[in-house]
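Just below is one structure, and these are the notes that go with it.
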Amino acid sequence: MRLVRSLLLVSLLISASLVGCISEEGTTVVIDAESLLEVENPCLQGSSAISQTMTEIIVNGESRLFRLSAPSSAAGIELPIIIAFHGGGGAAEDFQQQGEFDQLAEQEKFIMAYAIAQDDRTASEGEWYLNTAATSSDDNDFTDAIVDELSKSYCINQDRLYAIGYSLGSMFTYEVACQLNQRFAAVASFAGTMPVQPETCDMFGSMSVMHIHGKLDYIIDYDDDWDWKDGEHEGVGTMSGVPGMIDYWGQKLVCQTSDTNSDFQLEHIIHSQCSNNARVEHYGLEFQEHTWPDEIDGTATYQLIWNFLSDFTN
């Protein structure tokens, strides 16, 4: 009986001889992927740790891929999920501080799902669909489907779903914040922004926002609004400077207080006493460019992000 149970725990992912494709510098790389094995009553069983397992799910009839890292867990332990969205051209690369996020996930008992963008989109579409109502909800459906599929195999804490992102992936976290707030509790990201006028951004649940950005970023401008690559990505529109975006979320979430602390390296803004116990937090890094920082104000970036996210439920 113990042997059967042990075999079950290590078989949450089962190889199905599936094929996935990731485009890398114009070349299509064919990879093997695995499909999730549905488990009856996941919360009655524990699970074994897995790391960076390429996983395939079917979304709206199409194959989508993500890399899955999950902790060992005892029966009845509800696991939060963090979905990470990579930057432009980053589908075949490691996510920033990926190893550290995975180690922390084992320690703190949460799941990391590293979403991978489709590789056949045009330049006018972009790797992640933005300003969803103007383009497509495919990536929102993908995000929902990751949670749905993981919930068939793992004991998931449905109140603790989070998204993180870098650069273009950071921009997509604001799609999650605007379009999926009935489900996700918080987002945290580095070096992105969102449209000045999102097509839709209605609050149906609680949503907290952390944004980190280098003030010397030469790719995603910190201070000023800008047109999305002069129309390269159609339908996205004018993108917000970071201070304006932080103010937008402070107003959107009806925050009652705002505090700013600054020194020569860092500006830290907190909007608090917001609706549904949400919070908006921003770190403006005075001498940082577009490269993900290892640490912020003495705290490792991955740890800072988790400390923020883990404060919130939906």
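Read-outs: derived from the displayed coordinates by stated rules, not from any lab. All of these numbers come straight from a predicted model, not from anything done at the bench. A quick note on method: Cβ atoms are made from the backbone with ideal geometry, for glycine too, and the neighbour counts reach across all protein chains shown.
Observations
- Sum of -39500 (n - 2.57) over DSSP H runs of 4+, divided by residues of the chain (222 nm, nearest 500): -6000 deg cm²/dmol
- Applying a DSSP loop filter and a limit of 13 other Cβ atoms within 10 Å to the chymotrypsin sites (Phe, Trp or Tyr not before Pro) in segment 206-270 leaves Y218, F264.
- Taking amide H as placed 1.01 Å from N in the peptide plane, V59 has its amide H under 5 Å from the amide H of R64, each at least 5 places away in sequence or on another chain.
- FRET efficiency, D141 to A92 (Cβ-Cβ, R0 30 Å, nearest 0.05): 0.85
- Tail beyond 16 Å, pair distance distribution of segment 225-314 (Cα, percent): 66 percent
- Percent of beta bridges antiparallel (DSSP, segment 46-187, rounded to nearest 5): 50 percent
- What the phi angles of segment 287-299 give under the Karplus curve with 6.51, -1.76 and 1.60, with θ = phi - 60°, is a coupling list of 10, 9, 9, 8, 7, 3, x, 5, 8, 9, 6, x, 10 Hz, glycine and proline written as x.
- Considering only alpha-carbon pairs that sit under 8 angstrom and 6 or more positions apart, the relative contact order computed for segment 80-139 is 37 percent.
- DSSP bridge orientation in the chain - percent antiparallel, rounded to nearest 5: 60 percent
- Between the exposed loop cleavage positions of the chain, defined as GluC sites (Glu not before Pro) in a non-H, G, I, E, B DSSP state with at most 16 neighbouring beta-carbon atoms within 10 angstrom, the longest gap is 94-198.
- For K252, a cut-off of 25 angstrom between C-alpha atoms picks up these lysines, skipping any fewer than 8 places away in its own chain: K215.
- Think of each Lys and Arg Cβ as +1 and each Asp and Glu Cβ as -1; about the Cα centre, that makes the dipole of segment 35-309 roughly 860 debye.
- In the chain, the longest principal axis of the Cα atoms and the axis of helix 242-252 are about 70 degrees apart.
- Taking 0.36 nm per residue of sequence separation and removing the Cα-Cα distance, the D225/I58 pair yields an extension gain of 56.4 nm.
- Mean projected area (nm²) of the alpha-carbon convex hull when the chain is viewed from all directions: 15.8 nm²
- Net charge, F264 excluded, C-beta distance under 13 Å - Lys, Arg +1, Asp, Glu -1: -3
- Cα-based helix-to-principal-axis angle, 168-179 vs the chain, degrees rounded to 10: 90 degrees
- For a modelled paramagnetic label at E108, 7 Å from Cα along Cα-to-Cβ, the residues of segment 267-303 in reach, with backbone nitrogen under 17 Å, are 279-283, 293-303.
- Charge tally in the Cβ shell below 11 Å around M239, where Lys, Arg are +1 and Asp, Glu are -1, M239 excluded: -3
- Near G241, the amide H atoms lying under 5 Å from its own belong to D225, W226; only residues 5 or more places off or on other chains count, and H is placed 1.01 Å from N.
- Relative to the longest principal axis of the Cα atoms of the chain, helix 98-108 runs at roughly 70 degrees.
- Across the chain, the relative contact order, built from alpha-carbon pairs under 8 Å that are at least six residues apart, equals 14 percent.
- Were the residues from L216 through K152 laid out at 0.36 nm apart, the gain over their Cα-Cα distance would be 18.7 nm.
- Rounded FRET efficiency, nearest 0.05, which uses the C-beta distance separating T260 from E38 and R0 of 35 Å: 0.10
- Listed by chain and number, the lysines whose C-alpha is less than 21 Å from the C-alpha of K109, apart from same-chain residues fewer than 8 away, are K152.
- The length gained by stretching the chain between F204 and S72 to full extension, at 0.36 nm per residue less their Cα-Cα distance, is 44.2 nm.
- Listed by Cβ neighbour count within 10 Å, with the fewest neighbours leading, H290, H213 appear as H290, H213.
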